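Structure, as structure tokens:
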Amino acid sequence: MVNITLNTHHHTKGVIANLTETGEMPNPTLIRILIISATVDAAMSELCSALPASDFDCACLPFSEEIIETIEEQNPDLLLVDMDSFQTFAERQAVSRKLKTHTRLPVIACLSEDVLKDMDYTIGIDDFAVKPIRPAEIIARAKHILWKTGSIASENLIKHGDMVIDLVKYEVFVAGRIIDLSFKEYELLKVLVSNKGRVLTRQVLLDKVWGDDYYGGDRTVDVHIRRLRSKIEDADHSFVQTVRNVGYKFKE
């Protein structure tokens, strides 16, 4: 595993100053996350090591009086703050306010359930993740926040409410949670979303997803729709509407 650290004495403008195993600087076009902690522990270092595999640049930085100047020099897209590393409620408030006031960057708080109970969400936290932290969750939440703020190119993403579809990685997120879809389920969802509000017959969906040379019955669409809805919908999210005797549409 690569141990990624930040050299605060030799900054590179606009690029997170961590090195790959080959000693090369990371691609400056990637999404850049800066992890801030009172003391960088093994869990945060491990998270930082995992993110580059998903097209993120990442570095860990201990909190200090010069934090704002360092952030400006590093030019990240998003800040990830280890709230557990700050001992008191007052410290967590002060850190959050300082980062949000002086940087205007999106902030994701990483915290335990105990700290979560006392967290003040009026101080500039955009989102949070409860420990133990999973890289896939951080990636989903980061993409969701950056999409909302216009920091990710929209041509590669489709967004509807809490749903985000990454057309490059063939990934679907609902409320920051990655959804495990089969290829046909993904293609079916993409067709429905791309025709939002329009009723698509089963035959149209068959032609678009399965192709003109598919000779099975159109009830296969119903089966795949049921599976798709069971994965993307819950008590708080409803995306697909059945139009009786006709087909389906994605709700506007």
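Every read-out reported here was derived from the displayed coordinates using simple, explicitly stated rules and does not represent laboratory data. Computed from a predicted structure; not experimentally measured. Cβ atoms come from the backbone with ideal geometry, glycine included; neighbour counts cover every protein chain shown.
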query = Could you give the nm distance between label points at Thr122 and Thr220, where each point is 7 Å from its Cα heading toward the beta carbon?
reply = 5.7 nm
ask   = So how do 50-61, 157-168 stack up, highest first, on mean other-Cβ count within 10 Å?
value = 50-61, 157-168
Simple Cβ-charge dipole of the chain, Lys/Arg +1 and Asp/Glu -1, about Cα centre, in debye nearest 20 = 1260 debye
query = Counting other C-beta atoms within 10 Å, which of His144, His102, His224 has the fewest, and how do the rest follow?
reply = His102, His224, His144
